[in-house]
1. List pairs: first in region 212-236 and of a type in the set (Gly, Ala, Ser), second surrounded by 12 or more Cβ atoms within 10 Å (Cβ to Cβ) and at pLDDT below 80, Cβ under 7 Å, 6+ apart or cross-chain?
2. Please name all residue pairs, on different chains or six or more residues apart, with Cβ atoms under 7 Å, provided the first residue is in region 269-293 and is more than 22 Å from LEU259 (Cα to Cα) and in contact (Cβ under 8 Å) with a residue 24 or more places away in the chain and the second residue is assigned to a helix (DSSP H, G or I) and of a type in the set (D, E, K, R).
3. Which ones in region 404-418 are modelled with pLDDT of 90 or more and within 8 Å of the ligand (Cβ to nearest atom)?
4. All but one of (1) within 30 Å of GLY160 (Cβ to Cβ); (2) buried (at least 17 other Cβ atoms within 10 Å of the Cβ) hold for VAL29; which doesn't?
5. Run down PHE105, PHE124 and say which single residue is part of a helix (DSSP H, G or I), free of Cβ contacts under 8 Å to residues at least 60 places away in the same chain and in contact with a strand residue (DSSP E or B) (Cβ under 6 Å, 6 or more places away or on another chain).
6. Residues ARG426, ARG388: which one is farther than 20 Å from ARG326 by Cα, within 11 Å of the ligand (Cβ to nearest atom) and among the charged types (D, E, K, R)?
7. Taking the condition of being away from the ligand (no atom under 16 Å from the Cβ) and within 13 Å of LEU312 (Cα to Cα), how many residues in region 353-383 meet it?
Amino acid sequence: MSRMNIHTRTLLILLGSFMTVILLFAGFVYLSVSSYTDRDFDRLLELRVRSLVVHGLEEQEGDAPGPLVGELIDRLSDEQDHILPMDMEGGARTMAATTGAPPEFFTRLMRYGQADHVQGGRHFKGLLHKGPKGAHLVVASAENYYEEHHVRHLRKNLLGAAGVAFVLALLLAFHFSSTMFKPLHRIAEQVRQIGTENLHQRIGEEQGSRELRELASTFNYMLDRIETAFETQNNFISNASHELRTPLTAIIGEADVALSKPRSAEEYVETMQVILEEAGHLDKKTKALLFLAQTGFKSGRSQFGKVRIDQLLYDVKSTVERMDQRHLVHLDMSLLPENPTRLKVLGNEQLLHLAFSNVILNGCKYSNGQPVTVSLGTSDERVIVVVRDRGIGIAENDLAHIYDPFFRGANTKGYEGYGIGLPLTRNIVRMHGGEIIVSSKVKVGTTVQITLPVGPFDLVAGRAAPRHSPVE
Ligand code: ADP
């Protein structure tokens, strides 16, 4: 049974249940009709015997036992009646020979006053009557016509009907089970055709029952996520190799040019400086990549503790302002709650420091020294940090890609950066159960809102290790 496919199994279950009901029903009808006719015939035969007693003996006292004169009910099928004197010559044997009933029927009749017997479809009933003319045995026997003809006919019909029902049930069950599983086969077929080369393909959700539509839409939802992850991964690899190759090409080119002919000491120093600078880029990029991988995909050990976001922001402000004297951060704490515990988040302080510095540094960097406002507030178990700048903004087309590793806005030429900061920040925020929303308008400014749940909350266990410096 376990190897049998679900289609055959359903077919057998349907057929089995259908036939069980049909056979039970037919059996019940047959048995009840058969037992009813049996009882009814028995009653009729008894009436016939009593009628024989009344009309053959009591009304005709004095006459010799003979054929029946008056009858209360119709004679039964192939009925034979006998009124025999109790002291008949030859006893039970002669009586048996006369009537066709066995001698022990008469022995019982004489002893108990009444007896029944059935032999080859023929029913015998006898009564002992004692009257002024002595004791007589009154015996009537007849064929149970209903049993013999009607019930046999019924049995034949029922068996025929059961056979027809079986064929019908088989066809119905086959049709039902195949139409029932057709959508499943269709879904399986569609799924089979989806591979890495056509991940954009989706399963039709329009047909079938609600459950099947739900299955298809769940599957499609999963495909959406897989496709996004797959594309991100694909872009990530091509972007990463491109980004790493740029400084490498510069280093190789610079060394090639320097070595093509003898150079002066100053020229070698200049070359070494370019190489050092490019190697520095390479170093930063590899570190950033590693870090992104650690926060994004791999599990590491990270210590989570209570972090007060207001204090953290003060730290970030001083770090950012120390990095460049043009950086100006204005902290707005006017919406702060009175209860400072509502500002505590369960998290990794260094990672959160990194996330906020990335966003605030971006604000400073892309607004050419104009002050960046950082506001802190709380709502329903959440801490909200809003970083607002009046810088170059992000074009609408670019906004969808700012979390792609290595993506840089079209208007960022002349601003240093690798396009790692925001994806990294988003990884960190998500790791803390939070959310980041960026809204922006070109040449007007950018607003980044980071929401974090107030601790304690369920953490995704074991994530990135926290040793780092802000990534540009
Ligand atoms: P980077 O700043 O190193 O380029 P990020 O990952 O931090 O990389 O940001 C990705 C892109 O998002 C940037 O290249 C830029 O186009 C855009 N961006 C992020 N923050 C801002 C901001 N405050 N103002 C304007 N553009 C921004």
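The values are calculated or read from the model by the stated rules, or taken from the named source; none is laboratory data. As the structure is a prediction and not an experimental result, all values here were calculated from the model. Every residue, glycine as well, gets a Cβ built from its backbone with ideal geometry; the counts of neighbours run over all protein chains shown.
1. ALA216/GLU205; SER217/GLU205
2. From region 269-293, the pairs are LYS285/GLU243.
3. Correct list: ARG408, GLY409, ALA410, ASN411, THR412, TYR415.
4. Condition (2) is where VAL29 drops out.
5. So the residue among PHE105, PHE124 that is part of a helix (DSSP H, G or I), free of Cβ contacts under 8 Å to residues at least 60 places away in the same chain and in contact with a strand residue (DSSP E or B) (Cβ under 6 Å, 6 or more places away or on another chain) is PHE105.
6. Going through ARG426, ARG388 in turn, the sole match is ARG426.
7. The number of residues fulfilling the criteria is 2.
Residues checked against (1) closer than 30 Å to GLU277 by Cα; (2) touching a strand residue (DSSP E or B) at 6+ places or on another chain (Cβ under 7 Å); (3) in a helix (DSSP H, G or I):
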residue	(1), (2), (3)
GLN190	no, no, yes
ILE203	no, no, no
LEU223	no, no, yes
ALA240	yes, no, yes
GLU243	yes, no, yes
ILE251	yes, no, yes
